[in-house]
Ligand code: ATP
Ligand code: MG
């Protein structure tokens with residue numbers, strides 16, 4: 001093993017694996033355009049305060065999971081653990097409201113959380129996310145959830161389920177929290193460590209505890225304590241989802257781990273993933289922008305975990321086409337062959353053909369082996385004999401068939417052959 005190894009919980013992505021990343025990212029980008037979203041890219045590091053303020057002091061992320069360090073001037077910085085706080089910060093700082101309201105933004109990229117690495121859980125992981133700022137219309141929530149549903153369908157996944165809930169406004173939630181406390185108080189001595197800690201700091205998280213499932217099952221439902229506005233919002237959301245033909249399930253146990261959610265909360269679960277089954281999560285956050293010092297601006301968003309989506313694609317045996325195949329490998333011999341090969345590579349690439357020109361000092365048979373390793377469809381050979389007769393040899397690597405043609409016609413003929421495939 002080399003002296004240098006990856007940091008625990010991170011990964012190198014290469015080879016066959018890249019196909020999945022391209023497939024997911026390309027599908028998302030296309031679909032975001034179809035839905036009218038614009039991309040936003042924010043820095044990977046931010047002031048720590050943005051996250052402690054935005055995500056919430058008592059959340060697991062802020063309490064235990066952040067990569068926080070002091071820079072050389074002693075300022076506390078943090079590698080972003082999620083996207084929403086950064087996008088909200090950027091929205092305020094750049095007055096994005098001047099580009100029209102509501103704004104629909106999407107992002108893709110790595111997030112960092114210090115968690116126990118395991119299947120579906122990394123310390124550096126990738127999310128695809130979207131945010132809508134400037135509308136509290138439930139149609140926005142519905143459209144967002146429809147996007148996520150559409151996205152998983154476009155990826156050709158089937159074993160997933162959309163679950164929705166409404167966790168009310170901050171005010172209505174206070175009342176519910178009291179009711180929950182009364183319910184959980186007598187059970188507390190028998191609950192897990194996390195539940196005992198969260199009882200005082202974040203009582204609603206007890207509902208999605210993976211250990212004390214029984215206790216949560218009989219807990220009072222938030223839906224019985226909703227304020228009028230939230231109730232109406234939730235009813236309308238369901239009406240719109242039905243109009244969009246998105247199947248969903250109401251699950252009052254969905255609370256999400258972040259403090260900033262109001263009203264809508266939702267998750268997408270994949271049934272083949274075991275413990276880490278949630279492939280996407282999101283919700284409404286009508287107070288976040290104001291909490292971060294901006295004008296009162298409602299918002300709603302989601303984040304999809306790419307690694308878990310890849311796992312789901314593998315579990316469902318979805319065929320993922322590689323987009324970066326090599327059409328032509330150009331092999332050559334001798335100085336004149338080299339010059340002719342350079343010219344040909346230029347010509348083929350101009351025509352948009354995926355071309356790999358030999359750039360090593362190997363002999364012809366070595367170059368053929370290389371072309372084989374790269375899975376090239378054709379090899380064009382420009383050796384000494386070819387130069388002397390002003391021709392090239394084209395070999396179809398699949399059938400083994402070889403043809404010799406005049407050098408001037410190579411690119412036309414290759415285009416033709418590729419088209420016929
Ligand atoms: P979990 O309950 O699994 O910890 P979460 O509530 O912390 O998830 P969010 O912050 O809502 O997750 O992030 C959205 C999505 O990002 C998750 O549904 C999941 O697919 C993915 N995700 C979150 N944390 C990780 C991680 N450490 N490694 C890989 N994917 C992750
Ligand atoms: Mg988490």
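All of the numbers you see were taken from the coordinates with simple rules; none came from a lab. Note that the structure is a prediction, hence the values are computed from the model and not measured. Methodologically, a virtual Cβ is constructed for each residue, glycine included, from the backbone with ideal geometry; neighbour enumeration extends over all protein chains shown.
Assuming a viscosity of 0.890 mPa s and a temperature of 25 °C, what translational diffusion coefficient in µm² per second does Stokes-Einstein assign to region 328-420, Rh being the Kirkwood radius over Cα pairs? Translational diffusion coefficient: 190 µm²/s. As a proxy for reagent exposure, 21, 409 were ordered by neighbouring Cβ count within 10 angstrom, fewest first; the result is 409, 21. The three principal axes of the Cα atoms in region 168-253 give end-to-end lengths of 46, 26, 18 Å, sorted in falling order.
Counting only DSSP beta bridges whose two residues both lie in region 328-420, roughly 55 percent are antiparallel. Starting from the Cα coordinates of region 1-82, work out the convex hull volume and express it per residue in Å³. It is 162 Å³ per residue.
Directionally averaged projected area (region 41-142, Cα convex hull): 7.9 nm².
Rounded to the nearest 10 degrees, the inclination of helix 410-420 to the longest alpha-carbon principal axis of the chain is 50 degrees. Where does helix 364-373 land angle-wise versus the long Cα axis of the chain, in degrees 0 to 90, nearest 10? Rounded to the nearest ten degrees, it is 20.
Over the chain, dividing the summed -39,500 (n - 2.57) contributions of all DSSP H runs of at least 4 residues by the number of residues returns a 222 nm mean residue ellipticity of -11500 deg cm²/dmol. So if R0 is 45 Å, what FRET efficiency would residue 41 and residue 401 give, r being the distance between their Cβ atoms, rounded to the nearest 0.05? Efficiency computed from Cβ-Cβ geometry: 0.40.
Expressed in Å, the radius of gyration and Dmax of the Cα atoms of region 139-178 are 14.9, 44.
With both labels modelled 7 Å from their Cα along Cα-to-Cβ, the residue 221 to residue 137 distance reads 2.9 nm. In plain terms, the C-alpha convex hull of the chain casts an average shadow of 27.1 nm² when viewed from every direction.
By counting other Cβ atoms within 10 Å of each Cβ, how are 151, 32, 356 ranked from fewest to most?
356, 32, 151
Maximal additional length on extending the residue 421-residue 29 stretch stands at 138.3 nm, based on 0.36 nm per residue less the C-alpha distance.
FRET efficiency for the residue 185 to residue 210 pair, using the beta carbon distance and R₀ = 25 Å, is estimated at 0.70. For region 240-338, the relative contact order works out to 18 percent when only alpha carbon pairs closer than 8 Å and six or more residues apart are counted.
What angle, in degrees between 0 and 90 and rounded to the nearest 10, separates the Cα long axis of helix 84-93 from the longest principal axis of the Cα atoms of the chain? Tilt relative to the chain: about 90 degrees. For region 234-297, the spread of Cα positions along the three principal axes, ordered from largest to smallest, is 42, 31, 17 Å.
Counting 0.36 nm for each residue step from residue 119 to residue 393 and taking away their Cα separation leaves a gain of 93.7 nm.
Using a cutoff of 8 angstrom between alpha carbon atoms and counting only pairs six or more residues apart, the relative contact order for region 328-420 works out to 29 percent.
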